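Have a look at the structure below, then the notes.
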Amino acid sequence: MANDQEKEAAAKASLRFVKDGQVVGLGTGSTAAYFIKLLGEQVKNGLRIRGIPTSVRSRELAMSLGIPVITLDDCQEIDVTVDGADEVDPQLRLIKGGGGALLREKIVASATRQMIVVADASKQVQKLGKFPLPVEVIRFAQALVAKRIAALGAEVQLRRDTAGNAYVTDENNHILDCRFGEMRDPDKLARELSQMPGVVEHGLFIGMASVALFARGSEIVELRK
């Protein structure tokens, strides 16, 4: 319960970064869902924004709340994106993708002027790596990519859904959850994964976040680039 309250508090703190007339990236995950619900209330009260969701789930939630939804076909420049993270280090490097939307989340982040990360205090870490790194792969290359990532020192596991089947992303790919342990050089690992044929995208977000808002009890801790 306290964890949920912190998520909602962080989401509420991010609303001050959203201005009338903006295009807003709508993240995916439990904390981002709080933001979308709070944003829906603001829209109901007259705030004029257009949202670009990072997943089918976020799009459906936004539409149910009356938030005008567009796509990157309509607009390729996003003013601000509010999204959660699975881990955030002091340099604002992130691990994302626990909710399975890392590909669209990274595309939206790359088109965003200001990315605001919202999270409860447990997501703030000194070193990335306790949370398994999600890597989205095309199915044809799945076994090959898993072998190559394991050779980098990770324990690799195919993500499965609640029925025990391979988890399928919005773009019809699979996800490998890769346990590297504490990462000594996330930047180097990100480059190595990006160069690996068959990897669609990975959950290391480097140099993308502008501000991180952590809720610690009733206090909001702000971390800037």
- Test for M183: is it outside any strand (DSSP E or B), closer than 21 Å to S110 by Cβ and at pLDDT 95 or above: no
- Query: Among S14, S58, which is free of Cβ contacts under 8 Å to residues at least 60 places away in the same chain, in a helix (DSSP H, G or I), buried (at least 23 other Cβ atoms within 10 Å of the Cβ) and not charged (D, E, K, R)?
  - Reply: S58
- Please specify each residue of the range 154-169 satisfying the condition of being of a type outside the set (A, V, I, L, M, F, W, C), out of contact with any Gly (no Cβ under 8 Å at 6 or more places or on another chain) and either outside any strand (DSSP E or B) or crowded, with 18+ Cβ neighbours inside 10 Å (or both). D161, T162, G164, N165
- Tally the residues that are surrounded by fewer than 11 Cβ atoms within 10 Å (Cβ to Cβ) and free of Cβ contacts under 8 Å to residues at least 24 places away in the same chain, restricting the search to the range 189-206. 1
- Message: Against the definition (out of contact with any helix residue (DSSP H, G or I) (no Cβ under 7 Å at 6 or more places or on another chain) and not assigned by TED's automatic domain parsing to the domain that holds T31), how does E192 come out, yes or no?
- Response: yes
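Here is a yes/no grid of residues against (1) without any contact (Cβ under 8 Å) to a residue 60 or more places away in the chain; (2) of a type in the set (D, E, K, R); (3) buried (at least 23 other Cβ atoms within 10 Å of the Cβ):
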residue	(1), (2), (3)
R93	no, yes, no
E105	no, yes, yes
S110	no, no, no
A119	no, no, yes
K130	yes, yes, no
P134	no, no, yes
A141	yes, no, no
- Given (1) under 30 Å from R16 (Cα atoms); (2) modelled with pLDDT of 95 or more; (3) among the hydrophobic types (A, V, I, L, M, F, W, C), A121 misses just (2)
- Item | Output for the range 65-87, where each listed residue is under 24 Å from G98 (Cα atoms) and either part of a strand (DSSP E or B) or without any contact (Cβ under 8 Å) to a residue 24 or more places away in the chain (or both) | V69, T71, I78, V80, T81, V82, D83, E87
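The values are calculated or read from the model by the stated rules, or taken from the named source; none is laboratory data. Nothing here was measured: the structure is a model prediction, and the numbers come from that model. Positions of Cβ are generated from backbone atoms using ideal geometry, with glycine treated the same way; all protein chains shown enter the neighbour counts.
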